[in-house]
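See structure below.
The values are calculated or read from the model by the stated rules, or taken from the named source; none is laboratory data. Values in this document were obtained by computation on a predicted structure and should not be read as measured data. Cβ: placed from backbone, ideal geometry, glycine included. Neighbour counts: every protein chain shown. These area figures cover heavy atoms from the full protein model, side chains too; ligands, DNA and RNA do not enter into them. Shrake-Rupley method; radii C 1.70, N 1.55, O 1.52, S 1.80 Å.
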Amino acid sequence: MHWSINTLPLPEYVELGVRSLSGLLWTLLFLFLWHCYRIGTDLPIPGHAVNLKSSSRRSMISRSGVCIGTNCSARSKLSRSEQLAPFISMETAKNEEQGQGYLTPVLSHTLFPAQASAEAKKLYAALQEYAKRYSWVGMGRIHKGLREQVRLNDLSTIQKPHLFFLPDVPSVPFFPRDAHRHDIEVLEANYPAILAEFQAVYQRGIDSKSGWTSLSPKSQAVFPLYSAGVCVAKNCRSCPSTYRTLLSLRTFINSNSLGSAGFWLLGPGAILGSSYGPTNTRLRCHLGLKTPPLCELVVGGEPQCWSEGHCLLLDDSFLHIISHKGPSESGPRVILNVDLWHPNVAAAERQALDFMFTPDL
């Protein structure tokens with residue numbers, strides 16, 4: 001007798017298994033679609049910075065319906081900053097200590113120190129005004145530096161800028177040439193023309209009528225080309241090649257009161273005692289023009305000597321001493337000083353500092 005598989009009745013468990021497998025597949029498909037939907041809703045809004053380390057923290061909606069999480073739009077942050085300006089902090093304390101999260105401003109209740117100096121409060125007000133006009137994004141280090149300036153002034157340390165300290169900036173007394181290779185090479189390439197223009201203005205005599213500014217009775221004088229961010233037009237017309245060289249530099253600070261440029265003259269026997277510069281957001285570039293023997297610059301305990309036609313790149317927010325111990329017949333030591341941005345200061349921070357330290361015209 002011939003048997004066919006079609007004539008055999010299917011057991012009930014086979015039919016039951018097919019239905020269970022079908023249901024399982026539909027369930028998995030549903031879960032997959034739901035997962036894709038959730039991922040799509042969590043994508044960052046185009047044009048907004050996202051902190052990857054804080055992406056696990058979901059946006060929270062308060063009872064009043066105001067977004068206070070990390071995914072708030074820039075517009076809502078700016079509108080809230082006008083109402084809660086005294087309570088604005090740029091990141092949590094943990095992230096501030098690690099130097100991270102500065103591009104993700106958040107709201108907290110960190111008040112600006114009441115014991116801060118009048119100058120610090122003025123700078124803080126300027127930062128608030130800048131944020132109202134533009135954005136708080138990228139202002140984390142500046143905000144932190146203003147809050148910590150009070151504590152910094154009370155410390156005894158080898159680096160202590162007296163006006164403004166930007167935290168988490170890599171600092172050493174002397175920087176390598178690679179930090180500003182382009183600008184250093186431009187200055188050194190124009191050394192002969194710069195030296196010739198200095199000699200021309202030096203031969204006119206060191207007095208105020210000739211554009212010189214005497215800083216001490218020990219033969220210390222300056223022929224400023226830029227003074228506190230303001231161009232000294234008369235002196236720049238006397239040194240056109242030097243002026244054009246300054247304008248060709250990429251990182252020259254010429255838009256705020258922290259930046260200057262000019263010929264610095266130091267006579268024999270002069271010693272400029274221990275002092276700190278105003279900020280660590282800049283580097284001073286010294287191009288040696290006339291460097292007699294026994295002239296020395298000590299920054300942060302590290303001694304260096306100038307060399308004619310070559311540049312020294314230093315951070316004068318460190319404790320520094322300048323001396324010329326040569327004989328009187330050796331003549332003055334002469335350098336071209338140019339203030340450049342610290343390479344670790346971001347473009348947004350430079351723009352804010354230009355606003356905060358607007359030159360007094």
Give the carbon-plus-sulfur fraction of the accessible surface of the stretch 289-361 in %, rounded to a whole number; probe 1.4 Å, heavy atoms of protein chains only. 55
What does the highest-first list of 335-341, 354-360 look like by mean Cβ count within 10 Å? 335-341, 354-360
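Let's test the formula: R0 of 30 Å, r as the Cβ-Cβ distance of SER248 and LYS132. What FRET efficiency results, to the nearest 0.05? All intermediate terms of the calculation are to be shown ahead of the outcome.
Values: r = 35 Å, r/R0 = 1.16.
Efficiency for this residue pair is about 0.30.
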Note, VAL299: beta-carbon cut-off 9 Å, +1 each Lys/Arg, -1 each Asp/Glu, net -3
Summing Lys, Arg as +1 and Asp, Glu as -1, what charge do residues with Cβ under 13 Å from the Cβ of CYS236 carry, CYS236 excluded? +2
Please give the length that would be gained between LEU29 and VAL150 if that part of the chain were fully extended, namely 0.36 nm times their separation in residues minus their C-alpha to C-alpha distance (nm, one decimal). 37.6 nm
Between ALA348 and ALA125, what FRET efficiency follows from the Cβ-Cβ distance if R0 is 25 Å, with the result rounded to 0.05? 0.85
Defining a contact as two alpha carbons under 8 Å apart and six or more residues distant in sequence, what relative contact order in percent does the stretch 118-194 show? 27
